[in-house]
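Trainee: Supplied in structure tokens, the structure appears directly below.
The values are calculated or read from the model by the stated rules, or taken from the named source; none is laboratory data. Please read these numbers as outputs of a predicted model, since none were measured by experiment. Cβ placement follows ideal geometry from the backbone for every residue including glycine, while neighbour counts extend to all protein chains displayed. Keep in mind that these areas ignore ligands, DNA and RNA; they rest on the heavy atoms of the full protein, side chains included. Shrake-Rupley method; radii C 1.70, N 1.55, O 1.52, S 1.80 Å.
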Amino acid sequence: MNPYLKFGIVFLVFTVVVIVITVATLVSLRKKSNQSQSTDTITKSKNVSFTSTIDSVTRTTINSSTSTGSSSIMTNETTMQSIIIISSQKSSHHSYVLTTNSNKFNAIRPCLQYPNYYEALEFNVLTTADYNFSFQTSTRGTITYYLYNTSFHPAFRYTNLIVTNENTEHSVNQNIILLLYTMTNYTLVMAPLYDQPPLIMSVNVTGPDLIKLKSVKITDDLPNYHVYEQSTLTPQSPSFCIWSPCPNLYLYHYYKAFQLNVSVTTKYEIALKSSTFAHSRLYDGTFRPFYPENNMVSYSFSTNCIMLEAMKIYDLVVYNSTHIEFDEFAINITGSGVISLFPINITETLSMTSLPQVEYTSSLTNESKFLLYQRPYPNSVYYYEIIQVNVSKTDYYAICSNSTILIKGDLYDVPFDPQLSQYPIRGGAGYRGLHRGHQFLWKGLLQSMTDYFLVISTEEVEMTGSFTISIISELPASLSKVD
């Protein structure tokens, strides 16, 4: 064979082999390049599509799984999908024209001023999540809303209640975010705060799912309960002193006490009418004439609208104004639950003559300790004395004064230091010192095994004179001067 021909054949075969190997190598590299480019594209596209917060989540997820490339991509996609679901919000809208034929809170119900007419919507959700409620009216007024769990009845506005803006600050566009649960039936009640029909009310609910808001007609067919009691306050009635048990601060009032309880937790109207000017006080628990501030939850001289709890016992006390011997009165209580009201006798008969008194007498002089204040002029001198107070049992006590000068008293539960800013203990009566006839009064709870320090000082600059401090209680107590 021609040697040139033989060489040509060998060269051709070698060239074919090289081409085949080269093509195979290029195909393999192209596949790897495509795979790498695909991964980068996914990461970049998702990083661009979301906020920086989501981007950081994406990068963290990928970096934590660098040992297995495919696994890191799957984790990244799962994280991104969950974020996509959360960020996908759907809005449900309901509008309603409120008219005089709409649902209406019964006008004879107690404690109801506004709202009167209302719209009720029943709904449930498919996903447990946060939902944003936004309320509006055509008059740009304010909507009072109530959200209930399971059921709603206008006679029991506070039964099954989840949330309301009834007693909060209102704004033109109210918004609230609520966590709602699946497998739960809700009722949303909307009512204009001041506006009257006709007007349009609307609500937008934004969340992960659409919500079907179903308008319902609710009939108020429950009876309205009430009780009525009439009586007279006379000098033969028991009496108590509002401000003080101290002999020179007598402000006696004749009173009559009633025990009150209700069957349903809701608001009740307590109306009081009298021939002169009687008042009423409501107590959560027992009324103690010697400590009339304790357990008191409300005070009124006419009509009072108050929330009462079922299965609780209240004491209702009606008393007259001072210096009035006879006073006829009537109480009328109205509400959506059965009401029980009957007179009771208070067994506590504490009085000035029956209680022991611990007294301490001293004087403020030019030799007494003094405080310097910059009022009414620089370096004004006020004399003071410190008295240590100890009680034998934790209970309520009254500390009062009898003095020829205008003094004040502050009680501390730590040693008094005029160089420090210290705050006195507020008495049960709610004031630092009651100034009537140059005196002061402190009433409140004192603990046994605690040293208290009563600081007696004057109201006027460089005032001197004698004073007497008394502790009035059915329990032993002690007063001693602190040098």
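Trainee: Report, ordered by the first and then the second residue, all pairs with beta carbons closer than 6 Å, sequence separation of six or more or different chains, a first member in the range 255-268 that is open to solvent by 50 Å² or more (accessible area, probe 1.4 Å), and a second member that is part of a strand (DSSP E or B).
Mentor: What qualifies is LYS256/SER231; LYS256/VAL318; LYS267/CYS305; LYS267/MET307.
Trainee: On the basis of being polar (S, T, N, Q), out of contact with any Leu (no Cβ under 7 Å at 6 or more places or on another chain) and at pLDDT 85 or above, does SER480 make the cut?
Mentor: Criteria met by SER480.
Trainee: When only residues in the range 455-467 that are of a type outside the set (A, V, I, L, M, F, W, C), open to solvent by 30 Å² or more (accessible area, probe 1.4 Å) and modelled with pLDDT under 90 count, which is nearest to ILE425 (Cα to Cα)?
Mentor: Only one residue tops the list, namely GLU459.
Trainee: Let me ask another. If I ask for residues that are at pLDDT 90 or above and part of a strand (DSSP E or B), which ones from the range 435-454 would you list?
Mentor: Once the filter is applied, which keeps residues that are at pLDDT 90 or above and part of a strand (DSSP E or B), the range 435-454 yields TYR452, PHE453, LEU454.
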